[in-house]
Amino acid sequence: MSLPSPWRADFPAFAAFGRDCQTYLDSAATAQKPQAVLDALLGYYAGGAANVHRAQHAPGERATLAFEGARAKVAAWLNADSAEQIVFTRSATESINLLAYGLEHLFAAGDQIAVGALEHHANLLPWQQLAQRRGLELVVLPLDAAGDIDLEQAERLIGPRTRLLAVSQLSNVLGRWQPLEALLALARAQGALSVVDGAQGVVHGRHDLQALACDFYVFSAHKLYGPDGIGVLYGRPLALERLRHWQFGGEMVQQADYHSARFRPAPLGFEAGTPAIGPAIALGAALDYLDGLDGEAVAAHEAALHARLLAGLRAFDGLQLLAEPHTALASFVVEGVHNADLAQLLGEQGIAVRAGQHCAMPLLRCLGRTGALRVSLGLYSEGDDLERFFAALHHALALLR
Amino acid sequence: MNLPAAACEALEAFAQCPGWEQRARLLLQWGERLEPLGDEERCEAHRVHGCESQVWLLGERQDGRWHFRAGSDARLLRGLLAVLLARVEGLTAEELQAVDLPDWFARLGLSRQLSPSRSNGLNAVLQRMRELAGQDRAC
């Protein structure tokens, strides 16, 4: 049973990888793009670029319609009430930094910010630095044995001084869905704002943000089969109203004088400078492409591949998973073998996997590891990719042991 | 410039290497040749930062010529350190400044190990050697 992906041919990168004898298993770092996304990028530039929101001419109107159309597609994808709730940024990381500056005025010394112990640096350091600027206490919610944020401890730690909770939906290292609903309820009960890092979670399944009821949700396009250089910040209307402006210039200005200025509300008020117009339009195309797939078939394919990945890894002596992943990826170490050595020998054999600390140094330290290897899947991955990886891993271990 | 004896040996061994597998085996063998570091030498003060794996580097000068010792917890990186140390053994501070690291690794067929996407930190190690030699000269 070779588990071919029926969508593989939609992604031209695999023809190139095939020619170079490369096996791509690093989709959690960035995903390949379908032809539809490449066509949208080329179509925008070849059809005549123009700036958005600030011209009366026809090319400007066309660009603005396409750009705002992409915003509406993102809103629909997340089941947001309105496109006004979608702010375009450069990346998920920038979205969180925007929040950490835009919400800074709401914090006073002694307030607490709660973050998960498994956060990617992007959802840790902006809060850590905010805490340092404002004299706040950063409360780290510990993990249980399975690798999830421990709800009993979270219940104790999220209290009346908690002003904000920031957690990942799906861990980029452990591959486990976090108990978001329960955590968000704890934050709500204390009147704390909530931020969900959806960088990994958004790629697997559709998520209804009205049902999830977080205040803010962030993700980047490049992991969701879209282009790089564009990220998304979703906010509930009341939460967006609490943001202060953080970058100035461009279309975010409503009225400007030499000594004072007024600024637009979200979303435009938080999109200083010319936005990434082509990438935004291409993100819209990525969502159209995904919308055209049978979501259940995609989920079933990813689940079957993931099961195959875990079964194959378990067959190796001395291999330990960092956690029992739910979906999409697996991180592991091999007893007595340094992950850098393994990564190097896999790379020599054309296997593209991620090695190291996965932008989560505190988590790795907390797990007692100096690093790990991570294999991650996309909807275009297939059984043969895994077979080549297993063979290369076997070969590398034979050399190193 | 005449190469140190160990460097000539490395050149001969690696130049005849037909593929990645043999090169990997050779790197593992060369890694075993590193002078071992004591536990007390594997400390923060000797850590070279900028490497994903842990790397320690110590240097001492005798009669104006430098002798370095290095270690790492990753075995292939130990091999890369060994061929780097072979190249710089017994150099003066001035000669150390002039070492062309990309050229040396290219001659060994190990160019890819220096690419910017690699985090093995060989460039950081050479930088640290030059700092150690530079500091000493300034004293």
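Principal axes first, then extents: for the Cα atoms of segment A:293-369, list largest minus smallest coordinate on each axis, whole Å, largest first.
Over segment A:293-369, Cα extents along the principal axes are 41, 30, 23 Å.
How much space per residue, in cubic angstrom, does the convex hull of the C-alpha atoms of chain B take up?
So the per-residue Cα hull volume is 110 Å³.
Please report the projected area of segment A:130-179's Cα convex hull averaged over all directions, in nm². Don't jump to the answer; show the numbers that get you there.
Numbers: hull surface 16.3 nm².
Orientation-averaged projected area of the Cα hull: 4.1 nm².
In units of 2.2 N^0.38 Å, what is the alpha-carbon radius of gyration of segment B:4-82? Provide the component values of the computation, followed by the final result.
Numbers: Rg = 13.9 Å, N = 79, 2.2 N^0.38 = 11.6 Å.
Relative to the rule-of-thumb radius for its length, segment B:4-82 sits at 1.20.
In Å, what Kirkwood hydrodynamic radius results for the protein assembly as shown from the alpha-carbon pair distances?
Its Kirkwood hydrodynamic radius stands at 25.8 Å.
Determine the shielding of peptide A:334-343 by partner chains: average, over its residues, the number of Cβ atoms on other chains within 10 angstrom of each Cβ.
Values: counts 0, 0, 0, 2, 9, 3, 13, 12, 2, 7.
Other-chain Cβ atoms within 10 Å of each residue's Cβ, averaged: 5.
From the P(r) of segment A:38-291, could you give the percentage of C-alpha pairs in the tail past 34 Å? Write down the numbers at each step before the final one.
On the way: 5773 of 32131 pairs.
Result: 18 percent of Cα pairs exceed 34 Å.
Which log10 I(q)/I(0) values, to two decimals, does segment A:155-265 give at q = 0.11, 0.14, 0.18, 0.22 Å⁻¹ under the Debye formula with one point per Cα?
Each listed q corresponds, in turn, to -0.46, -0.70, -0.98, -1.21.
Normalised by the number of residues in chain A, what is the relative contact order in percent for Cα pairs under 8 Å and 6+ residues apart? Please report the intermediate quantities before stating the final value.
Numbers: 748 pairs, mean separation 96.0, N = 401.
The value is 24 percent.
Starting from the Cα gyration tensor of segment A:234-350, multiply each eigenvalue by 5, take the square root, and state the resulting semi-axes largest first in whole Å. Display every interim value, and only then the final one.
On the way: eigenvalues 436, 88, 47 Å².
In descending order the semi-axes read 47, 21, 15 Å.
Quick one: divide the alpha-carbon radius of gyration of segment A:24-154 by 2.2 N^0.38 Å and tell me what you get. Present the calculation step by step, with values, prior to reporting the outcome.
On the way: Rg = 20.1 Å, N = 131, 2.2 N^0.38 = 14.0 Å.
Here the Cα radius of gyration is 1.44 times the empirical estimate.
Any idea which of B:GLY59, A:VAL52, A:ALA396 is furthest toward the positive side of the dipole for the protein assembly as shown, if Lys and Arg beta-carbons carry +1 and Asp and Glu beta-carbons -1?
Positive-end residue among those listed: A:VAL52.
What percent do you get for the relative contact order of segment A:191-259 when only Cα pairs under 8 Å and 6+ apart count? Let's see the in-between values first.
Values: 63 pairs, mean separation 17.7, N = 69.
Reported as a whole number, the value is 26 percent.
Give the separation of the Cα centroids, segment B:20-95 to segment A:249-286, in Å.
Result: 51 Å between the Cα centres.
Bear in mind these aren't lab numbers, they're just calculated from the coordinates by the rules spelled out. Predicted model, so just to flag it, every value in this text is computed and none were measured. No Cβ is skipped: glycine too gets one built from the backbone with ideal geometry, and neighbour counts run over all protein chains shown.
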